[in-house]
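The values are calculated or read from the model by the stated rules, or taken from the named source; none is laboratory data. Only a predicted model underlies this, so the values are computations on that prediction, with no experimental measurement involved. Quick reminder, even Gly has a Cβ in these numbers, built from the backbone with ideal geometry, and neighbours come from all protein chains shown. Ligands, DNA and RNA are excluded from the accessible area calculation, which covers all protein heavy atoms including side chains. Shrake-Rupley method; radii C 1.70, N 1.55, O 1.52, S 1.80 Å.
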Amino acid sequence: TLSDYLPDEAGKGYTLTITNVGSSSALVTINDVFGAAGSVSEGISGLPAGTYDVYVKSSHWLRKVTGSVVFSTSGANFTTELVNGDSNLDNEVGPADFSVLSSAFGSFLGDANFNANADLNGDNEVGPADFSILAARFGTFGD
């Protein structure tokens, strides 16, 4: 799930990276869009059954690892919640994110200064609710 996001996650882009447990070297990287309710159904070929770490990142959400996910020949099931607030996409919520939101503050979808990464709650407006999300997550880092 994408925290603090009003619309369904369907159609929102993500990157999914699978590594051996405890490793940072990608075995498989997939760039796709979420299905209904944040589902991921991308087929993974060439990955033997086993236990892996799965990293997920989506635009202004911090990258999250779900460790020791068991994959069988029919796939794997896991759930993770991504933390919102990374409007400058550096995998941490800090002062630079406030700068991005400030530059887009008061804008609506279609305005010249609208920034989709500053619209943290997905309501097509950059306003006080987006600052509240960022403030609540300030100082957090992704995996």
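As a test question: what accessible area, to the nearest 10 Å², does R63 have when a 1.4 Å probe is rolled over all protein chains in place?
Taking all protein chains as shown, R63 has close to 90 Å².
Where the accessible area of the chain is counted over protein heavy atoms with a 1.4 Å probe, how much of it, in %, is carbon and sulfur? It would help to have the intermediate numbers written out before the result.
Numbers: 3720 of 7200 Å².
Result for the chain: 52 percent of the exposed heavy-atom area is carbon or sulfur.
With a probe of 1.4 Å, find how much accessible area segment 1-138 has per residue, and write the answer as a whole number in Å². Each step should come with its number before you reach the end.
Details: 6880 Å² over 138 residues.
Per-residue accessible area for segment 1-138 comes out at 50 Å².
So what's segment 79-121 giving for Cα Rg divided by 2.2 N^0.38 Å, two decimals? Numbers along the way, then the final one.
Values: Rg = 11.1 Å, N = 43, 2.2 N^0.38 = 9.2 Å.
That ratio works out to 1.21.
Can you tell me how the chain classifies by the Cα gyration tensor, rounded, prolate or oblate, using a/c under 1.5 as the rounded cut?
On the way: a/c = 2.72, a/b = 1.96, b/c = 1.39.
Prolate.
What distance in nm lies between label points placed 7 Å from Cα along the C-beta direction at T80 and T140?
With each label placed 7 Å out from Cα toward Cβ, I get 1.4 nm.
Roll a 1.4 Å probe over the protein heavy atoms and report the accessible area of T73 in Å², nearest 10.
My reading of the accessible area for T73 is about 140 Å².
Using Cα-Cα distances under 8 Å and only pairs 6 or more residues apart, what relative contact order does the chain have, in percent? Could the numbers behind the result be given before it?
Working: 305 pairs, mean separation 31.2, N = 143.
So the answer I get is 22 percent.
Among V33, F105, H60, which residue has its Cα positioned farthest towards the positive end of the charge dipole of segment 1-123, with +1 placed on the Cβ of Lys and Arg, -1 on the Cβ of Asp and Glu, and the dipole taken about the Cα centre?
V33
To test your reading of the geometry: what angle, between 0 and 90 degrees and rounded to tens, separates the Cα axis of helix 128-137 from the longest principal axis of the chain?
50 degrees
Any idea what the dipole of the chain comes to, in debye rounded to 20, about its Cα centre with Lys/Arg Cβ at +1 and Asp/Glu Cβ at -1? Write down the numbers at each step before the final one.
On the way: 5 positive and 17 negative charges, 86 e Å.
Dipole about the Cα centre, nearest 20: 420 debye.
Suppose the chain between A49 and V28 were pulled fully straight at 0.36 nm per residue; how much longer would it get relative to their current alpha carbon spacing? Please report the intermediate quantities before stating the final value.
Details: separation 21, 0.36 × 21 = 7.56 nm, distance 1.34 nm.
Residue separation times 0.36 nm, minus the Cα-Cα distance, leaves 6.2 nm.
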